[in-house]
1. Counting only complete DSSP H runs, which helices of the chain cover 30 Å or more along their long axis at the Cα atoms and score a mean Kyte-Doolittle of 0.0 or above?
2. I need the peptides 49-61, 28-40 ranked by packing, meaning the mean over residues of other C-beta atoms within 10 angstrom, with the highest value on top.
3. Over all alpha-carbon pairs of the chain, lay out the pair-distance distribution in 10 Å bins, whole %, shortest bin first.
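Each value in this text was obtained by applying a stated rule to the coordinates, not by laboratory testing. All figures in this text were calculated on a predicted structure; none of them were measured in a lab. All Cβ positions, even for glycine, are placed from backbone atoms using ideal geometry, and neighbour counts span all protein chains on display.
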Amino acid sequence: MIVFPSYGKLLLTLFVIIRYQRIYGSSTFFTAIPTLFITYIVFVYILNAPIGFNLSLNVSFILGAVFTVILAVMFFVKARNNRDNQIATDVDVTIDKAA
């Protein structure tokens, strides 16, 4: 099993999309499923690979699921708190040319 470096970019992009959807009240179901699946695959690879923790595959499957659930819970709780506290997500980045 080969995990390409682009998986990291893909995961980051999917988590940003989910966060944006959560803050603005959109449904995250169809985005969360592939995000959590890819997160699980990456955790299992890191735990099982010789360049990672070199654990057995069965232990990697279990720990990968545990870590994925923990990460998902932390992520969705933080997104809910940001939405409830109305954390600003849109920042005005216009440049004042008069200054």
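1. Working: long enough: 57-84 (40 Å, 1.11).
Helices meeting the span and hydropathy rule in the chain are 57-84.
2. On the way: 49-61: 12.2, 28-40: 15.2.
Top of the packing list down: 28-40, 49-61.
3. The distribution over the chain is 14, 37, 26, 15, 6, 2, 0, given as percents.
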